Amino acid sequence: MSYQIIGDSCMDRTPEMYRDSLHFKTVPLSIEVGGQIIVDDDSFDQMAFLAMMKESPLCPKSACPSPEAFLRAYEESPAKDLYVLTISEKLSGSCNAARLGRELYLEAHGDSEKNIAVFSTDTATAGQTLLALMCRDLCEKGFDFQEVCSRMEDHIRKMKIFFVLEDLSALRKNGRLSGAAAFFANALNIKPVLCAEHGEILKFDQVRGIDRALRRMCRGLVENAAASGALLPSDLPSERIRAHHAGFRQRAVITHCNCPKRAEQVRQELLSLAVFDEVLIAPTHGISTLYASDGGIVAAI
């Protein structure tokens, strides 16, 4: 089956996904910081960007790709089935641009045999990566276009994504977190454990200190994923959680902003709480770096 998974650049790719350019492609967003426009493509320099963020008195702003950028990606793809995964439409206009790009493609290529599905993933970063890998698994198993779409929509409803950030200022300045909450958390070393529900950022819990916050994040993620059906209980004597989904591997994805040791700590914690086929780690790219900030951790099941 000929397929390609197209994400906006909030889909933080693993090393394997970078190598598999035939099946994974990104359409970049852009970021304005310090009077400069940075395209969130393969030229993105995370360390230089973090330095620019610290030096700039103004909060960086992101801009979604144009419909024409998605149109070009559809036209250039050699695949018959295209699955487009964007950041939550409640956080960005990227999904709307992808849909408009699809309309432009259909107008220009009405006789094309390509199938194009656009998903607002209700998530970002690690969640988008998780869904992209699941989509790849389903395609490789030979499921047809409609079945892949149905299973993707089902997991979007079930998927859970939790995160802990060292610096909440980017979320606050961009209207994602109240100023009082950000000040309270930073001043008293209280770390909120945040989650995404239906594309919106919510506070799940808060604890003192980053290590406690990461452990709480992992427990909350596993418990909520089990409750939603993203992880299914089994009869293992240890009462750990193991899923037996037909068509894709049971995995978790962790993305991190400049803190690989912290990501490995989270990986080991998740493996102590549940049984996975794999727990993958990927660094954040530009848009995810903007909002996660230095030291941020995101995990998805």
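The residues on offer are GLU55, GLU103, GLU32, and the sole one that is charged (D, E, K, R) and either farther than 21 Å from ASP167 by Cβ or in contact (Cβ under 8 Å) with a residue 60 or more places away in the chain (or both) is GLU103. The listed residues are ILE6, ILE38, ILE31, and the only one of them that is surrounded by 21 or more Cβ atoms within 10 Å (Cβ to Cβ), part of a strand (DSSP E or B), among the aliphatic types (A, V, I, L, M) and touching a Gly at 6+ places or on another chain (Cβ under 6 Å) turns out to be ILE31. Test LEU85 against the stated conditions and say whether it is at pLDDT below 95 and either in a loop (DSSP other than H, G, I, E, B) or not assigned by TED's automatic domain parsing to the domain that holds ILE201 (or both). Spelling it out, it is not the case that LEU85 is at pLDDT below 95 and either in a loop (DSSP other than H, G, I, E, B) or not assigned by TED's automatic domain parsing to the domain that holds ILE201 (or both). Looking at the stretch 145-153, can you tell me whether even one residue there is modelled with pLDDT of 95 or more and either part of a loop (DSSP other than H, G, I, E, B) or among the basic types (Lys, Arg) (or both)? Yes - at least one qualifying residue is present in the stretch 145-153. I'm checking my understanding of the structure. Among residues of the stretch 109-129 that are under 16 Å from LEU221 (Cα atoms) and of a type in the set (Val, Ile, Thr), which one is surrounded by the fewest Cβ atoms within 10 Å (Cβ to Cβ)? Top of the filtered list is THR123.
The values are calculated or read from the model by the stated rules, or taken from the named source; none is laboratory data. None of these values were measured; they are calculated from a predicted model. For neighbour counting, all protein chains shown are included, and Cβ atoms are generated from backbone atoms with ideal geometry for every residue, glycine included.
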